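Single-structure report; data block below.
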Amino acid sequence: MTDEQEVDVAISFKTLAERTWQSLKSEALQRILLFIFAVNIAQNLISPADNMIMTYWAKTTNLTFSLGNVLGNVLMVVGITIFGTYLRHYNWRIIVLSTQCIMTLINGVITFMVIFDVYRNQYFYISDNISKNVFSGINFICLLIIAVEMCESETEGTFYGIVMSVNNLGQSVGMLIANTIAIPFDVSSAKRYRHDTNHDRWMVASQELVLYTLQILITVVFLPLFPSGIQATKRLKARLGSSEKWGHFLVYSYIITFFGTIAYSFISAFF
């Protein structure tokens, strides 16, 4: 090996941990992770009634649902490509808010048409999950790029894992909140869908409307935490300092929320 050849030396675990902690202490990154957590809660305020609607009113088969998921994943890649090709120079706040509003609108129109028996068809119903994956892909890659931009050098892979962990935790908390909100509406009872009375339809529609409202409201409330683009991200990182106190709070909050959602899911399975 000549002196001119470059030698790649992997950083030690200790160095990686120190750099990761330095990033977690960044107030700018703390804001981004909080926003990612909030947005994923909003996107996953999914009603337990959706499975009942799919089974009893749309009469969707497992094969159709599975094929819809596969196609939806393909379209998510399309959404990521669209963002990278056409949208990365636009205001990212507007992109995130717009995609959330479009996903909510698509879901609401299709769901209400099925609930009130305007048109009940299994392919029509799963078209919601398929189409909104385009916008979900745009949203996801936008959040991921901002978070990675905030971290220290050579910790990008670690922060991808952190972002995905926060993303998944937001999903769990979102579904937990949705299930709790749905309790007074009794939308998990199969009798409501078999009877299919006007009262039953309005009970299901009402809790769906509450969840849609919360989806938009949470996104709007937390939107100021999110920078408008790459340059705004760099300015935010330079302007804000670091806080060890909020870094500890971030880590402890994640741990408490993680085990709290597991405990809630475990308890709710028996009661």
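The values are calculated or read from the model by the stated rules, or taken from the named source; none is laboratory data. Please read all numbers here as calculations on a predicted model, not as lab measurements. Positions of Cβ are backbone-derived with ideal geometry, glycine not excepted, and every protein chain shown enters the neighbour counts. With ligands, DNA and RNA removed, areas are computed over all heavy atoms of the protein, side chains included. Shrake-Rupley method; radii C 1.70, N 1.55, O 1.52, S 1.80 Å.
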Any residue that is farther than 17 Å from Met52 by Cβ and among the aromatic types (Phe, Trp, Tyr) - is there at least one of those in the stretch 188-195?
no
Restricted to the stretch 37-53, and to residues that are under 18 Å from Ser189 (Cα atoms) and not in a helix (DSSP H, G or I), which residue is most open to solvent (accessible area, probe 1.4 Å)?
Ile46
Identify all residues within the stretch 86-123 that are assigned to a helix (DSSP H, G or I), farther than 17 Å from Ala49 by Cα and more than 20 Å from the chain's Cα centre (by Cα); write none if there are none.
Tyr86, Tyr123
Members of the stretch 63-96 found to be among the hydroxyl-bearing types (Ser, Thr, Tyr) and open to solvent by less than 70 Å² (accessible area, probe 1.4 Å), listed by number:
Thr64, Ser66
Could you tell me which numbered condition Met113 fails, if it satisfies all but one of (1) in contact with a helix residue (DSSP H, G or I) (Cβ under 8 Å, 6 or more places away or on another chain); (2) in contact (Cβ under 8 Å) with a residue 12 or more places away in the chain?
(2)
Note on the stretch 200-239: residues of a type in the set (S, T, N, Q) and in a helix (DSSP H, G or I) are Ser206, Gln207, Thr213, Gln215, Thr219, Gln231, Thr233
Please count how many residues of the stretch 142-160 are open to solvent by 30 Å² or more (accessible area, probe 1.4 Å) and on the phi < 0 side of the Ramachandran plot.
9
Among (1) modelled with pLDDT of 90 or more; (2) open to solvent by less than 60 Å² (accessible area, probe 1.4 Å); (3) of a type outside the set (Lys, Arg), there is one condition Tyr56 misses while meeting the rest; what is its number?
(2)
Given the conditions (1) over 30 Å from Ile106 (Cβ atoms); (2) open to solvent by less than 50 Å² (accessible area, probe 1.4 Å); (3) within 24 Å of the chain's Cα centre (by Cα), and given that Ile256 satisfies all but one, which numbered condition is not satisfied?
(2)
Could you tell me which numbered condition Tyr193 fails, if it satisfies all but one of (1) surrounded by fewer than 16 Cβ atoms within 10 Å (Cβ to Cβ); (2) part of a helix (DSSP H, G or I); (3) at pLDDT 85 or above?
(1)
Residue pairs within 9 Å by beta carbon, gap of at least six or interchain, first lying in the stretch 224-237 and closer than 14 Å to Leu144 by Cα, second acidic (Asp, Glu) and loosely packed, with under 14 Cβ neighbours inside 10 Å, listed first then second, are none
